[in-house]
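Below is one structure, written out as structure tokens; the observations come after it.
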Amino acid sequence: MSDPVVDNAVPSGNSSVAIPTDISGQILDLDEDDDLEVFSKGTTLTEGSSFNASMQTSPASLINQYKFEEEEDGDADTKDIFVTVDNPESIVTAIETFVTYRVMTKTTRSEFDASEFEVRRRYQDFLWLKGRLEEAHPTLIVHPLPEKFVMKGMVERFNEDFIETRRKALHRFLNRIAEHPIFSSTDDFKIFLTAESGELTSHKKQGPGFLSRMGETVKAVAASVRGVRNRPEEFTDMQEYVEAFTQKIGSLDKVSQRIVREKKEHLEELKESGPIYTLWSQSEEELAEPLKRMAGCLDSCCKETEEQVKELNDHLIPVLHEYVLCTETLKAVLRRRDNIQADFEAKTEALAMKKADRDAESKVLSLAWDSLVGRSPEEVKQQKQQKLKGEIKEMRVELDKMEDRMEWANNALKSDWTRWQKVMRTDLRSAFVDTAERNVNYYEKCLAVWESFLHSQRTEAEGNGKVDSS
């Protein structure tokens, strides 16, 4: 079980301060359709049939024996909410074309009015949920959504493979939220899962207005400019970890995608070479049999390579790219934490300056003017002292609230950081082991193909008496 996560919302009142989501650069923003987004940029290939040649006992059985402690400590017995995203549908109107998804929920939680719900949602609804969670809990780590843009020429608009890829990504997003001890209990998540389209639209309008969001954005920019002077060492360590993790996972993502591209190129060459052997066999009687067998072996290896590329696209590439997106989420969370501390430090400085004004000697010019209007210097001094005292008291109350907010934010991030690292390591370890197992299976099948070819040629050579008995 993961460590309990401490919410970072201010305990007083029902409202929480909205922190604007950081906007990362976009390569190609498809404004006409916000529903286009992917984790994996490549499209999948048609699934090929497996080669059924006999082969030795697979060493992959050693991998199958590997069990994760996290899996053995699974939450299957304690999980009380299950979410499925499926059945994508394209909606065409006079104004726009977009895709909606069926979101099915089964739960035993008492706060839900029923045990099963079924609604349809589009990408903008998922984006709204993510934004609401980040506003209410600025230092908790919200799982990333698939991107809203695609690389030019990589996929066709509303391609079936593309839609299936993003459906899986949205499914993972909702299940990450459902597994989170804080996010899964929020009203926004409940409304997302249960409200009809009209009710959800009405609820979305209740959020902060444009001017309010702009004000928060200005405050966040000002806090970023000021920076923090005394960041706790543990959060500095987090930033350094995120920078190193960003570089490593980004490089691994690029290399893996390049490997897939090269495998696709290799696959096309294999597909071209098989027919050449077949054509050659028609004009070379003495070599006809081995040439045909070579063509058959290449055809079998094509099918296995095609399946391997598909598996990499479906299982390894999405996980790696998902954590590339996670790095931007982590950086945004750390910036928001720094902004909260910067606000606290600025308020602390303002209070110190106010105290200095209170303790300073009376201003000569002010007292001279007050004496001209019939007020004694002592009376003016007492009035100013009382005013400063009231202002200092108000600032202390506000500073105490800000200190509480900073403490909640820090505790929330520390707990969620531990939880995120555990999930990340489980995900990546599982993806690596799964890739290793699939590679072993792939190479075993290809090895069996070529061993069958060698066996046939040796048998033929022995029959012709061409094998050296030594």
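The values are calculated or read from the model by the stated rules, or taken from the named source; none is laboratory data. What you see is a predicted model, and the numbers here were worked out from it, not measured in a lab. Cβ sites come from the backbone with ideal geometry, for glycine too, and all protein chains shown count toward neighbours. These area figures cover heavy atoms from the full protein model, side chains too; ligands, DNA and RNA do not enter into them. Shrake-Rupley method; radii C 1.70, N 1.55, O 1.52, S 1.80 Å.
Worth pointing out:
- Identity of the residue in the stretch 140-172, assigned to a helix (DSSP H, G or I) and among the hydrophobic types (A, V, I, L, M, F, W, C), that ends up modelled with the lowest pLDDT: Phe162
- When the stretch 227-261 is limited to residues that are small (Gly, Ala, Ser) and part of a helix (DSSP H, G or I), the one that is surrounded by the most Cβ atoms within 10 Å (Cβ to Cβ) turns out to be Ser256.
- Matching option when the condition is touching a helix residue (DSSP H, G or I) at 6+ places or on another chain (Cβ under 7 Å) and at pLDDT below 90, among Gly209, Gly227: Gly227
- Selection status of Phe117, touching a strand residue (DSSP E or B) at 6+ places or on another chain (Cβ under 7 Å), surrounded by 14 or more Cβ atoms within 10 Å (Cβ to Cβ), farther than 21 Å from His143 by Cα and at pLDDT below 90: no
- Residues within the stretch 354-398 that are out of contact with any Ser or Thr (no Cβ under 9 Å at 6 or more places or on another chain) and at pLDDT 75 or above, tallied: 20
- Checked against the criterion of being surrounded by 19 or more Cβ atoms within 10 Å (Cβ to Cβ) and assigned to a helix (DSSP H, G or I), the candidates Leu279, Leu316 yield just one match: Leu316.
- Just one of the listed residues (Arg405, Arg396) is basic (Lys, Arg), surrounded by 15 or more Cβ atoms within 10 Å (Cβ to Cβ) and either touching a residue at least 60 places away in the same chain (Cβ under 8 Å) or in a helix (DSSP H, G or I) (or both), namely Arg405.
- Phe192 being open to solvent by less than 60 Å² (accessible area, probe 1.4 Å), part of a helix (DSSP H, G or I) and modelled with pLDDT under 90: no
- Residues in the stretch 424-467 that are open to solvent by less than 50 Å² (accessible area, probe 1.4 Å) and free of Cβ contacts under 8 Å to residues at least 60 places away in the same chain: Ala461 alone.
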